[in-house]
Amino acid sequence: MPTDKQLVAFKIGARSRKLANEDCIIEGYEMLMTAIAESSESDPELHELLKKELVKYEKRVEDL
């Protein structure tokens, strides 16, 4: 079962990828980058999980 932080990171990543699918690439990227920036000092574990979601997001955008 995923941890709470894994679930939060996945949900943010999923919302970002959904925006990309709806041709809102910049908005999805901004959502993810804002979450990454906010977690950088406050929550290192979440920060790393969000960076993994960024990789997924960039792959999705490439595939569009």
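Tabulated data for the structure shown
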{"quantity": "Candidate aspartates and glutamates - alpha carbon under 17 Å from LYS56, same-chain residues fewer than 8 apart omitted", "calculated": "GLU22, ASP23, GLU27, GLU30, GLU48"}
{"quantity": "Debye-sum result for the stretch 6-64 in log10 I(q)/I(0), which assumes one identical scatterer on each alpha carbon, at q = 0.20 Å⁻¹", "calculated": "-0.62"}
{"quantity": "Value at 222 nm in deg cm²/dmol, rounded to 500, when DSSP H runs of n ≥ 4 in the chain each add -39,500 (n - 2.57)", "calculated": "-30000 deg cm²/dmol"}
{"quantity": "Cβ-Cβ FRET estimate between GLU45 and ILE25, R0 fixed at 35 Å, reported to 0.05", "calculated": "0.80"}
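None of the figures in this text is laboratory data; all of them are computed from the coordinates on show. The structure presented is a predicted model; accordingly, all values stated were derived computationally and were not measured. Cβ atoms come from the backbone with ideal geometry, glycine included; neighbour counts cover every protein chain shown.
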